[in-house]
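What follows is a set of notes on a single structure, which appears directly below.
The values are calculated or read from the model by the stated rules, or taken from the named source; none is laboratory data. Note that the structure is a prediction, hence the values are computed from the model and not measured. Reconstructed Cβ throughout: ideal geometry from the backbone, glycine too, with neighbour counts over all protein chains shown. The area values use the complete protein model at the heavy-atom level, side chains included, leaving out ligands, DNA and RNA. Shrake-Rupley method; radii C 1.70, N 1.55, O 1.52, S 1.80 Å.
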Amino acid sequence: MNPAVLAWLLAQLGPATDQNDLATRYTRLASAREVAREVLSERRAVLLTEPLRMTVDGVVTIDQSNNLQGLERQLAVLTDTAAPDDAAAGEPGIDLITAPLVPARRTR
């Protein structure tokens, strides 16, 4: 993972994100966008396992629903954001085409 990819991931996920974890995920997924999507999805899943709103009458109210909506918006925007390891527009991709090889003349 090059420094540009690391900087983009930290900008998307926050500077407190473990860089070793990001490097491991990048090695496995080979795409900065997929790494960011996976981390954000895990954060969303953690929020869903806990109650989103808790109120202790007259003492405190904790509401995590805005955090959940923020993560969902960030996941939606992630598909439109250009990652540094994305192929540039107009850059030729790698296409694999297979064809059976058949002799030009029939053998007897």
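Listing for the model above:
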| item | result |
| --- | --- |
| Complete set of residues in the range 30-55 that are open to solvent by 60 Å² or more (accessible area, probe 1.4 Å), part of a helix (DSSP H, G or I) and not acidic (Asp, Glu) | 37, 43, 44, 46, 48, 49 |
| Among (1) in a helix (DSSP H, G or I); (2) at pLDDT below 85; (3) not hydrophobic (A, V, I, L, M, F, W, C) - the single one residue 58 does not satisfy | (1) |
| Check on residue 76, part of a helix (DSSP H, G or I) and loosely packed, with under 11 Cβ neighbours inside 10 Å | yes |
| Output for the range 6-29, where each listed residue is in a helix (DSSP H, G or I), of a type outside the set (D, E, K, R) and closer than 23 Å to residue 70 by Cα | 6, 7, 8, 9, 10, 11, 12, 13, 19, 22 |
| Residue 27 open to solvent by 60 Å² or more (accessible area, probe 1.4 Å) and more than 21 Å from residue 2 (Cβ to Cβ) | no |
| Residue within the range 79-98 that is part of a helix (DSSP H, G or I) and either charged (D, E, K, R) or surrounded by 13 or more Cβ atoms within 10 Å (Cβ to Cβ) (or both) present | no |
| Pairs where the first residue, in the range 41-69, is of a type in the set (Gly, Ala, Ser) and the second is exposed (fewer than 11 other Cβ atoms within 10 Å of the Cβ) and assigned to a strand (DSSP E or B), C-beta under 8 Å, 6+ apart | 65/53 |
| Residues of the range 6-24 satisfying the condition of being open to solvent by less than 70 Å² (accessible area, probe 1.4 Å) and touching a Leu at 6+ places or on another chain (Cβ under 9 Å) | 6, 9, 10, 12, 13, 17, 22, 23 |
| Checking residue 65 against (1) surrounded by fewer than 16 Cβ atoms within 10 Å (Cβ to Cβ); (2) within 25 Å of residue 85 (Cα to Cα), the condition it does not meet | (2) |
